[in-house]
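Here the structure comes first, spelled out in structure tokens, and everything after it is commentary.
The values are calculated or read from the model by the stated rules, or taken from the named source; none is laboratory data. Please read these numbers as outputs of a predicted model, since none were measured by experiment. Note that each Cβ is placed from the backbone with ideal geometry, even for glycine, and that neighbours are counted across all protein chains shown. Surface accessibility is based on the protein's heavy atoms, side chains included, excluding ligands, DNA and RNA. Shrake-Rupley method; radii C 1.70, N 1.55, O 1.52, S 1.80 Å.
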Amino acid sequence: MEFLKQLGIKDVNCGASSGSDWFESQDGGALTITSPADGKTIATVYQATEKDYETVITRAEDAFRYWRTIPAPKRGEIVRQIGLRLREYKDPLGRLVSYEMGKSLQEGWGEVQEMIDICDFAVGLSRQLYGFTMHSERPQHRMYDQYHPLGIVLTISAFNFPVAVWSWNAMIAAVCGDVNLWKPSSKVPLTAIACQNIIAEVLRENDLPEGVFSLVVGKGSTIGERMLNDKRIPLVSVTGSISVGRHANEVVARRFGKTILELGGNNAIILTPDANLRMAIPAVVFGAVGTAGQRCTTTRRLIVHESIYDQVKESLLRAYGSLRIGDPLDQNNHVGPLIDTAAVAMFTKALELAEKEGGTLLYGGEVLKGEEYESGCYVRPAIVEAQNHFEIVQEETFAPILYLIKYSGGVNEAIALHNGVVQGLSSAIFTDRLQEAEAFLSHAGSDCGIANVNIGTSGAEIGGAFGGEKETGGGRESGSDAWKAYMRRQTNTINFGSELPLAQGIKFDI
């Protein structure tokens with residue numbers, strides 16, 4: 001395919017790079033990457049060895065000592081150039097995202113656009129890394145705080161957003177003066193290799209040292225564990241499941257490192273009697289089936305007041321019946337494949353458990369057969385009537401399953417159902433009543449990191465801090481003041497007088 005050539009993807013690829021230098025060792029084993037769209041082999045990737053990793057991390061340490069001395073606006077200029085280069089590669093990179101991961105082509109292009117947008121955001125941020133000044137209680141003293149770079153920032157990314165989430169971390173960290181190490185999901189390493197090739201062009205043109213942006217494709221049991229335990233990495237950003245995040249947090253915390261965790265979501269939308277269904281139904285459908293239900297912000301629970309329940313159910317059944325499922329590179333299709341057959345098995349198992357607990361399958365649930373679906377990764381998105389307390393409803397199934405949950409009381413009952421899960425990423429309410437909207441956004445309302453009114457749960461603007469609460473992890477990435485997580489804070493006091501007043505009025509006779 002032409003887009004593979006444009007991005008420098010070969011039949012056989014190296015899985016470790018310190019910038020523009022690639023390591024050609026083959027002792028780490030090979031990954032054969034197939035597309036969930038058609039089941040065909042795309043390419044092979046040789047995983048990094050521990051020796052490769054040691055070379056990468058050593059170069060990153062050296063690069064940090066240089067990169068931190070570059071003024072932040074100059075670092076922003078490098079990120080600006082990366083953003084321009086991504087614009088040039090938006091079409092082929094978006095196609096690779098779609099083909100390797102399985103999301104629709106529109107979503108693939110959109111993901112690259114997120115990378116471009118975060119570059120633009122980071123460029124502006126490079127001139128706004130503000131500290132604060134405070135009045136000292138001591139005469140002729142000045143106090144202020146400031147932020148310094150941390151060092152090597154490791155980003156462990158998931159398959160569902162193979163490039164965007166990395167860029168949220170990497171571009172912000174870069175303008176903060178950190179150097180970046182990326183461990184992508186082993187399910188989608190080709191998009192990471194393509195990004196490294198793009199970055200390398202900018203690094204070479206600016207004569208930057210190896211190690212500012214590095215990539216390691218490796219086994220979690222060896223390379224991944226070594227990264228988590230490596231004291232040379234002060235910050236680890238993890239996007240993944242709750243179990244993966246819990247393990248990473250425990251390991252990194254033991255060595256007093258820092259983590260940013262963006263883990264599971266069990267996101268719900270509340271529809272009150274005053275909801276505008278003309279707006280709500282499209283938001284629910286897109287939130288539930290976009291990326292084939294493989295977003296951390298996917299709408300998984302729909303909490304509907306009994307007075308509009310039947311109307312909502314009928315509307316959803318009509319909408320789901322019109323979904324076009326197939327090749328993600330065909331822009332006429334709404335829903336592509338799941339990432340692999342293991343995800344398909346998880347989808348069908350979850351539906352079995354839901355029905356066993358008393359749920360009713362209203363629509364979908366089939367694994368699609370036929371020449372168009374020969375990869376075995378295509379399913380028909382499902383709608384299930386369920387109760388919030390079902391064990392399977394309490395879990396996050398990374399697949400297009402929407403649970404319909406009825407409530408009969410006021411908005412507080414709906415909020416209690418909404419909050420009655422261990423995850424706390426994204427949430428939404430549709431209502432035209434001000435009181436209900438404000439209750440949902442209040443301290444007694446949604447307990448999620450993201451709470452929306454009259455828009456869905458899925459997707460996020462890069463200008464806002466992204467992340468959740470409870471077992472979603474509590475970390476924040478991307479916009480707002482999330483940049484502070486990539487730096488170390490320091491309080492400074494300067495005595496510009498000729499006396500040294502001591503704390504608590506203590507005096508020494510000298």
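Data for the structure
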{"item": "Leading residue by the ranking (most open to solvent (accessible area, probe 1.4 Å)) among those in the range 378-394 that are assigned to a loop (DSSP other than H, G, I, E, B) and touching a strand residue (DSSP E or B) at 6+ places or on another chain (Cβ under 9 Å)", "result": "Q387"}
{"item": "Per-region count, the range 356-374, residues outside any strand (DSSP E or B) and either touching a residue at least 40 places away in the same chain (Cβ under 8 Å) or touching a strand residue (DSSP E or B) at 6+ places or on another chain (Cβ under 6 Å) (or both)", "result": "7"}
{"item": "Total residues in the range 321-355, condition closer than 29 Å to L96 by Cβ, in a helix (DSSP H, G or I) and of a type outside the set (V, I, T)", "result": "5"}
{"item": "Filter pass, I156 being touching a Pro at 6+ places or on another chain (Cβ under 9 Å), open to solvent by 20 Å² or more (accessible area, probe 1.4 Å) and not basic (K, R)", "result": "yes"}
{"item": "Of all residues making up the range 403-417, the number that are of a type outside the set (V, I, T), more than 21 Å from R278 (Cβ to Cβ) and surrounded by 24 or more Cβ atoms within 10 Å (Cβ to Cβ)", "result": "1"}
{"item": "Test result for Q504, part of a helix (DSSP H, G or I), of a type outside the set (V, I, T) and touching a helix residue (DSSP H, G or I) at 6+ places or on another chain (Cβ under 9 Å)", "result": "no"}
{"item": "Selection from the range 461-473 of residues that are part of a loop (DSSP other than H, G, I, E, B) and either over 10 Å from the mean Cα position of the chain (by Cα) or within 21 Å of G76 (Cβ to Cβ) (or both)", "result": "E461, I462, G463, G464, G468, E471, T472, G473"}
{"item": "Positions within the range 470-493 being touching a Leu at 6+ places or on another chain (Cβ under 8 Å) and modelled with pLDDT of 95 or more, in sequence order", "result": "E471, T472, G473, W483, A485, Y486, M487, R488"}
{"item": "Search result, residues across the range 418-473 that are open to solvent by 20 Å² or more (accessible area, probe 1.4 Å), aliphatic (A, V, I, L, M) and farther than 30 Å from L125 by Cα", "result": "V422, L434, A439, A444"}
{"item": "Pair list, Cβ < 8 Å and 6+ apart or interchain, from the range 172-184 residues that are on the phi > 0 side of the Ramachandran plot to residues that are aromatic (F, W, Y) and open to solvent by less than 10 Å² (accessible area, probe 1.4 Å)", "result": "G177/W67"}
{"item": "Breaking point among (1) farther than 22 Å from T259 by Cβ; (2) open to solvent by 30 Å² or more (accessible area, probe 1.4 Å); (3) of a type outside the set (A, V, I, L, M); (4) modelled with pLDDT of 95 or more, for H148", "result": "(1)"}
{"item": "T272 under 25 Å from the mean Cα position of the chain (by Cα) and within 16 Å of G456 (Cβ to Cβ)", "result": "no"}
{"item": "Hits in the range 474-484 - residues which are outside any loop (DSSP other than H, G, I, E, B) and open to solvent by 30 Å² or more (accessible area, probe 1.4 Å)", "result": "K484"}
{"item": "Residues of the range 421-440 classified as of a type in the set (D, E, K, R) and within 18 Å of V284 (Cα to Cα), total", "result": "1"}
{"item": "Cβ pairs under 8 Å, 6+ apart, first in the range 125-144 and over 15 Å from P501 (Cα atoms), second open to solvent by 100 Å² or more (accessible area, probe 1.4 Å) and part of a loop (DSSP other than H, G, I, E, B)", "result": "none"}
{"item": "In the range 303-323, the residues that are under 23 Å from V367 (Cα atoms) and touching a residue at least 24 places away in the same chain (Cβ under 8 Å)", "result": "K313, L316, L317, A319, Y320, G321, L323"}
{"item": "Members of the range 385-437 that are of a type in the set (V, I, T) and touching a residue at least 60 places away in the same chain (Cβ under 8 Å)", "result": "V393, T397, I401, I405, V411, I415, V421, V422, I429, T431"}
{"item": "Single condition Q146 does not satisfy, out of (1) out of contact with any helix residue (DSSP H, G or I) (no Cβ under 6 Å at 6 or more places or on another chain); (2) within 16 Å of F466 (Cβ to Cβ); (3) not hydrophobic (A, V, I, L, M, F, W, C)", "result": "(2)"}
{"item": "Criterion: out of contact with any Gly (no Cβ under 8 Å at 6 or more places or on another chain) and at pLDDT 95 or above - qualifying residue of T41, T49", "result": "T41"}
{"item": "Number of positions in the range 340-361 that are farther than 20 Å from I383 by Cβ and touching a Cys at 6+ places or on another chain (Cβ under 7 Å)", "result": "2"}
